Amino acid sequence: MAGTPEADAAERPIGVFDSGIGGLTVVRQLMARLPREHILYFGDTARVPYGNKSPETVTRFSVENTRFLLRRGIKYLVVACNTASATALPVLQRRFEIPMLGVIEPGVRAALAATRNRRIGVIGTIGTIASGVYERMILALQPDCAVVEAPCPLFVPLAEEGWTEGPVAEQVARVYLEPVIGSGIDTLILGCTHYPLLKEVIRRVCGPGVELIDTAEETVRMARLQLDQLGLLRGEG
Ligand code: DGL
């Protein structure tokens, strides 16, 4: 089918954006699972963090980031930022025709598949937690779940600075996570794409009884499915 419009469209890159380096946790999964795809990553390090900015500002940044990637000919967009997915995804979907995926729904589905006691913790930026989007989506799919949420704003600068191990990261993680773990959750959604960079510290603080949900894996599984359905997966060769 080389030379057909579909084949030409499939050749174009997948666009991915985040406020900084966090979305690279999604890119890593994309590269592992879809090794033939071209990927164009935009990390908005000039304006990081998004998590404590207003929904209007995050929406404006997200529209600008999407335009930037569209000008470079992307075929599909992954909003690899929970804050932008929580506040701006519906606006992006209305404003742009390009197929796109955020990171919230994949994380929720993975957590519902993992939990046994139906007590789910969610950590994210101030913006993501204030939006209430995780709790709404979890309860819409599974009304008898208990959802315990906590914003962890210092995790993003720690990840951006590369302070992902050591006593500072550990102390911050304890302060944020101990109340969440104390509520009896068995599953914790890492509701910010920067947080998997601190996974080892978070895992140590949570202990073996809590399953950590890294939304990147499930996001890439859903992206692959959509790209396939749209005939946009890049072929052999
Ligand atoms: N990594 C992003 C998220 O998933 C943004 C973090 C931030 O910039 O505050 O929410």
Filtered residue count, segment 179-237, keeping only those that are touching a Ser or Thr at 6+ places or on another chain (Cβ under 7 Å) and either of a type in the set (Lys, Arg) or open to solvent by 60 Å² or more (accessible area, probe 1.4 Å) (or both): 1
Pairs, first in a loop (DSSP other than H, G, I, E, B) and of a type in the set (D, E, K, R) in segment 39-54, second open to solvent by less than 50 Å² (accessible area, probe 1.4 Å) and more than 8 Å from the ligand (Cβ to nearest atom), C-beta under 9 Å, six or more apart: Asp44/Phe17; Asp44/Phe61; Asp44/Asn65; Arg47/Thr57; Arg47/Phe61; Lys53/Phe61
One residue from Val48, Val58, Val79, Val16 being closer than 26 Å to Leu154 by Cβ and open to solvent by 20 Å² or more (accessible area, probe 1.4 Å): Val48
Any chance Ala86 is of a type in the set (Gly, Ala, Ser), open to solvent by 10 Å² or more (accessible area, probe 1.4 Å) and not in a helix (DSSP H, G or I): no
Residue in segment 31-45 that is within 30 Å of Pro208 (Cβ to Cβ), in contact with a strand residue (DSSP E or B) (Cβ under 9 Å, 6 or more places away or on another chain) and crowded, with 20+ Cβ neighbours inside 10 Å present: no
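Can you tell me which residue in segment 119-137 is nearest to the ligand (Cβ to nearest atom), limited to those that are surrounded by fewer than 24 Cβ atoms within 10 Å (Cβ to Cβ) and within 19 Å of Pro179 (Cβ to Cβ)?
Ile126
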Residue selected from segment 107-152 under the condition hydroxyl-bearing (Ser, Thr, Tyr) and not in a helix (DSSP H, G or I), by the criterion farthest from Glu217 (Cα to Cα): Thr125
Cβ pairs under 8 Å, 6+ apart, first in segment 181-195 and part of a loop (DSSP other than H, G, I, E, B), second within 8 Å of the ligand (Cβ to nearest atom) and of a type in the set (Gly, Ala, Ser): Cys192/Gly22; Cys192/Gly51; Cys192/Gly124; Thr193/Gly22; Thr193/Gly23; Thr193/Ala80; His194/Gly20; His194/Gly22
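The values are calculated or read from the model by the stated rules, or taken from the named source; none is laboratory data. It should be emphasised that the depicted structure is a prediction, and the values quoted were computed from it without experimental measurement. All Cβ positions, even for glycine, are placed from backbone atoms using ideal geometry, and neighbour counts span all protein chains on display. The protein model used for the area step is the full one, side chains on, heavy atoms only, and it has no ligands, DNA or RNA in it. Shrake-Rupley method; radii C 1.70, N 1.55, O 1.52, S 1.80 Å.
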